[in-house]
2 protein chains.
Amino acid sequence: MDITEYMHTLGRQARAASRAMARADSATRNRALHLIADAIERDSSILRAANEQDLDAARASGLGPALVDRLTLSESAIATMVDGLRQIAALPDPIGEISDLKFRPSGIQVGKMRVPLGVIGIIYEARPNVTVDAAGLCIKSGNATILRGGSEAINCNRALAALVAEGLVGAGLPEHGVQVVETTDRAAVGALITMPQYVDVIVPRGGKGLIERLMQEATVPMIKHLDGICHVYIDDKADVEKALRIALNAKTHRYGTCNTMETLLVARDLAPLVLPQLAEMYAAKQVELRADPESHHILQGYPYLVEAVPEDWSTEYLAPILSVKVVGGLDEAIDHINTYSSRHTDAIVTEDYSAALRFLREVDSASVMVNASTRFADGFEYGLGAEIGISNDKLHARGPVGLEGLTSLKYVVFGHGEIRK
Amino acid sequence: MDITEYMHTLGRQARAASRAMARADSATRNRALHLIADAIERDSSILRAANEQDLDAARASGLGPALVDRLTLSESAIATMVDGLRQIAALPDPIGEISDLKFRPSGIQVGKMRVPLGVIGIIYEARPNVTVDAAGLCIKSGNATILRGGSEAINCNRALAALVAEGLVGAGLPEHGVQVVETTDRAAVGALITMPQYVDVIVPRGGKGLIERLMQEATVPMIKHLDGICHVYIDDKADVEKALRIALNAKTHRYGTCNTMETLLVARDLAPLVLPQLAEMYAAKQVELRADPESHHILQGYPYLVEAVPEDWSTEYLAPILSVKVVGGLDEAIDHINTYSSRHTDAIVTEDYSAALRFLREVDSASVMVNASTRFADGFEYGLGAEIGISNDKLHARGPVGLEGLTSLKYVVFGHGEIRK
């Protein structure tokens, strides 16, 4: 099989299907979501059998236990998928909303209408539940989609693809509204990210390695994020109790997430008071502290203390490790963050009104917080109802991306026969 | 001079200046705009002398009269520039606006704040007034900018750059907030569009040739448009008087603009009535009609009648030429448009409610209109107050782009010590 030719066929079919997907009313798209959920429930044993095949192959090829775990489609994972689809169906329809409709002096009325982007390409790794989550979000937002999951999950993904197609057709939508790439050849990814004539945006869901590879080659725009180097700055006017609580939560609630704090900045005036108390809390969790000279001095005797090196300020640990730095005050904190942050999420802890406003305004990151844990940077916590991913880019979607990230605004003009003078 | 090194220096300086530009309050940015306007007024004779040098060089090198015309900075062009700056100063500040601030069940309050993009690169051709217009829009939106004008205008642009810097510094803003590339070496463009670490977005203002060249190489995102292949569809339920008026205006109001109609679609039922009347109006303006067989038959005897060839449906004439096609009805019209349109601006003329709604929803273009001339697709007509350009892309800015296109929305979180459970 010529992979490029195959992918172009999927692309042409997706482009054709995208028109019917965009045209479909809310009830039809929601009906498809419910039919898919029902079909998955009905065929859960077939799905688990397909998953067993994948798991056998994975174990035979020596895949590590972590990957095998992510590949496993348990009974409860199937229930979560089904639940997720029904929740997406219950969300308000983002499509067709018209906003800002205003009369102009010429007599025309101008507004903006929210519309689907067209064709979304999703590239992800082992987890088969992404197939259904991503399909659900694209159907809800009126887009056609091409899903390229990890080759380890191919049997399960094929089985899921059949059920998705069944639901689409049952609701009167085109079967090519959602297509799963049915080859494990890696050239398929290369083709998918370089066919802008058929694909409007790529959402890569996976590790930094995957995304860096895609960025080298992609000619289709991507909604992506690479790093989460998030900061908490404890201002000299911080409420100490809030500061301790937030600094502990932002680091230790979960270590492997992109909105976890990786660097703690503490104002010089408060450092001798706050750092020893924090150290006690971190010690209980064996968090390694990589300290600049000033905080190192204050933290002497801490059991997991290391001297920070320059690379620490730009490292995402995703582990029980935290870099710590004493700063002179707000200006130095903002400078440090705007230099080293990955522009994902940064927080200040302060009771000072002006400091809070300046931090919000001047820190150039997708999420900027006052007196809250960076762990809140999340589509569900923000009330988006769903999360496609998190974007570090400034154009189009920024920060946690919900269904709106899969849509675009076009201008609509209601006229009454007006012509330009 | 090493051009890449020089451009990287400009980039570093722009990135550094962008922080102070973003931080500056509305009054400071507006003061800079007024100081620049005043300086241009004061030094208009110096500017005209610099322009004379450019014009001499242009004439000596045999530049055509159209280009010499665009290069000329007349007294009235200077007055228009000055006026433009004062109008930009009078616009509402797009920066800092917080919207959708809502409490979440966790207790945090989440909203979106409009912020500058950072550094904007603008690439344009001969016209020196773009230097001042673009600088003004970027200052207003709190961005730093690097301007790369046509080499023919280099003396004038240098003189303008000095006045812009004077205004910035006079208002307390960094002199590198606006930088003009002071070399005519074309390698400067190549460097500017491939330094995403310093430049957040490129706005190319120029012909299709320029933009196609840039698209090949750019790694910085662009706000751009290539083509304006705009359609008017006269539905079988059209008010004939409105249809005639709009079809005439959309084609003949101006021939060289991107929102000019290039293809007219007419419903079969109305074609025998409408086309002969339209032909009479077009004949007075010597508009060549490139007709499909069915409309060709109806238009027989029209003095400027040509048989359409397939390429006509995807050609932007920018001239008194119009392709004409008879279609069966709404579905065929939408299909034709979604196949051949450049997704810029398309209009329907109809009195049918359902047809109007379907056209608005289903035509996948940046501007979609009912009963109005395509010529209205314009930032000023839409009430944006200013126009950076028009975007054919679906991501980020779409359609006429005002100051908002030079901004981004970041999430702001107001907390009270909340942590993630």
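What the table shows:
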{"quantity": "So A:Asp352, is it surrounded by 20 or more Cβ atoms within 10 Å (Cβ to Cβ) and of a type outside the set (S, T, N, Q)", "calculated": "no"}
{"quantity": "Any hit, the range A:40-57, residues being at pLDDT 95 or above, within 17 Å of A:Cys138 (Cβ to Cβ) and in contact with a Leu (Cβ under 6 Å, 6 or more places away or on another chain)", "calculated": "yes"}
{"quantity": "Among residues of the range B:194-226, those that are in contact with a helix residue (DSSP H, G or I) (Cβ under 7 Å, 6 or more places away or on another chain) and either part of a helix (DSSP H, G or I) or free of Cβ contacts under 8 Å to residues at least 12 places away in the same chain (or both), counted", "calculated": "1"}
{"quantity": "Matching residues in the range A:16-30 - criterion: being more than 11 Å from every other protein chain (Cβ to nearest Cβ) and more than 14 Å from A:Cys138 (Cβ to Cβ)", "calculated": "A:Ser26, A:Ala27, A:Thr28"}
{"quantity": "One residue from A:Arg148, A:Arg114 being of a type in the set (Lys, Arg), touching a helix residue (DSSP H, G or I) at 6+ places or on another chain (Cβ under 9 Å) and surrounded by 22 or more Cβ atoms within 10 Å (Cβ to Cβ)", "calculated": "A:Arg148"}
{"quantity": "Qualifying residue in the range A:113-126 (condition: assigned to a loop (DSSP other than H, G, I, E, B) and either within 14 Å of another protein chain (Cβ to nearest Cβ) or without any contact (Cβ under 8 Å) to a residue 24 or more places away in the chain (or both))", "calculated": "yes"}
{"quantity": "Residue in the range A:227-250 that is nearest to A:Val363 (Cα to Cα), counting only those that are out of contact with any helix residue (DSSP H, G or I) (no Cβ under 7 Å at 6 or more places or on another chain) and crowded, with 22+ Cβ neighbours inside 10 Å", "calculated": "A:Gly228"}
{"quantity": "Looking only at the range B:407-421, and only at residues there that are outside any strand (DSSP E or B) and among the basic types (Lys, Arg), the one that is farthest from the chain's Cα centre (by Cα)", "calculated": "B:Lys421"}
{"quantity": "Condition met for B:Ser26 (of a type in the set (Gly, Ala, Ser), within 23 Å of B:Asp200 (Cβ to Cβ) and in contact with a Gly (Cβ under 6 Å, 6 or more places away or on another chain))", "calculated": "no"}
{"quantity": "Top-ranked residue of the range B:329-347 - restricted to ones that are touching a strand residue (DSSP E or B) at 6+ places or on another chain (Cβ under 7 Å) and either assigned to a loop (DSSP other than H, G, I, E, B) or at the interface with another protein chain (Cβ under 10 Å from one of its Cβ atoms) (or both), ranked as farthest from B:Leu248 (Cα to Cα)", "calculated": "B:Gly329"}
{"quantity": "Conditions (1) in contact with a Leu (Cβ under 7 Å, 6 or more places away or on another chain); (2) over 17 Å from B:Val266 (Cα atoms): number failed by B:Tyr353", "calculated": "(1)"}
{"quantity": "Selection status of A:Gly402, over 22 Å from B:Leu403 (Cα atoms) and touching a Leu at 6+ places or on another chain (Cβ under 6 Å)", "calculated": "yes"}
{"quantity": "Exclusive hit being free of Cβ contacts under 8 Å to residues at least 12 places away in the same chain, surrounded by fewer than 24 Cβ atoms within 10 Å (Cβ to Cβ) and not assigned by TED's automatic domain parsing to the domain that holds A:Leu85, set A:Gly385, A:Gly301, A:Gly329", "calculated": "A:Gly301"}
{"quantity": "Wholly enclosed strands (runs of 3 or more DSSP E) of the range A:359-406 bearing at least 3 residues facing chain B (nearest Cβ under 7 Å)", "calculated": "A:367-372"}
{"quantity": "Top-ranked residue in the range A:407-421 [being within 7 Å of chain B (Cβ to nearest Cβ) and among the charged types (D, E, K, R); ranked as surrounded by the most Cβ atoms within 10 Å (Cβ to Cβ)]", "calculated": "A:Glu418"}
{"quantity": "From the options B:Ile98, B:Ile108, B:Ile154, residue that is more than 14 Å from chain A (Cβ to nearest Cβ) and either touching a residue at least 40 places away in the same chain (Cβ under 8 Å) or in contact with a His (Cβ under 7 Å, 6 or more places away or on another chain) (or both)", "calculated": "B:Ile154"}
{"quantity": "Per-region count, the range B:288-308, residues part of a loop (DSSP other than H, G, I, E, B) and within 16 Å of B:Ile229 (Cα to Cα)", "calculated": "1"}
{"quantity": "Yes/no for A:Glu288 being touching a strand residue (DSSP E or B) at 6+ places or on another chain (Cβ under 9 Å), among the acidic types (Asp, Glu) and either within 14 Å of another protein chain (Cβ to nearest Cβ) or under 19 Å from B:Gly417 (Cα atoms) (or both)", "calculated": "no"}
{"quantity": "Flag if B:Ala187 is among the small types (Gly, Ala, Ser) and farther than 19 Å from B:Asp25 by Cβ", "calculated": "yes"}
{"quantity": "Boolean, B:Tyr255 is out of contact with any Ser or Thr (no Cβ under 6 Å at 6 or more places or on another chain) and either of a type in the set (Lys, Arg) or crowded, with 17+ Cβ neighbours inside 10 Å (or both)", "calculated": "no"}
{"quantity": "Residue count for the range A:167-212, restricted to those that are within 14 Å of chain B (Cβ to nearest Cβ) and closer than 22 Å to A:Gly402 by Cα", "calculated": "5"}
{"quantity": "Failed criterion for A:Arg29 (all others in (1) charged (D, E, K, R); (2) over 19 Å from A:Asn157 (Cα atoms); (3) modelled with pLDDT under 95 hold)", "calculated": "(3)"}
{"quantity": "Some residue of the range A:33-40 being closer than 30 Å to A:Gln197 by Cα and touching a helix residue (DSSP H, G or I) at 6+ places or on another chain (Cβ under 6 Å)", "calculated": "yes"}
{"quantity": "Number of the condition not met by B:Arg254 [criteria: (1) within 20 Å of B:Ile348 (Cβ to Cβ); (2) in a loop (DSSP other than H, G, I, E, B); (3) within 14 Å of chain A (Cβ to nearest Cβ); (4) of a type outside the set (A, V, I, L, M)]", "calculated": "(1)"}
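Conditions tested, residue by residue: (1) at pLDDT 95 or above; (2) under 19 Å from B:Ala319 (Cβ atoms); (3) touching an Asp or Glu at 6+ places or on another chain (Cβ under 6 Å); (4) of a type outside the set (Phe, Trp, Tyr).
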| position | (1), (2), (3), (4) |
| --- | --- |
| B:Val203 | no, no, no, yes |
| B:Glu212 | no, no, no, yes |
| B:Gln216 | no, no, no, yes |
| B:Val232 | yes, yes, no, yes |
| B:Thr260 | yes, yes, no, yes |
| B:Leu265 | yes, no, no, yes |
| B:Glu280 | yes, no, no, yes |
| B:Ala283 | yes, yes, no, yes |
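One line per residue, one yes/no per condition, for (1) under 18 Å from B:Gly405 (Cα atoms); (2) modelled with pLDDT of 95 or more:
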| position | (1), (2) |
| --- | --- |
| B:Val82 | no, yes |
| B:Leu101 | no, yes |
| B:Gly118 | yes, yes |
| B:Gly121 | yes, yes |
| B:Arg127 | no, no |
| B:Val130 | yes, no |
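The values are calculated or read from the model by the stated rules, or taken from the named source; none is laboratory data. Everything numeric here is computed off the predicted structure, so don't read it as measured data. Ideal geometry is used to build each Cβ from the backbone, glycine not excepted, and the neighbour counts take in all protein chains shown.
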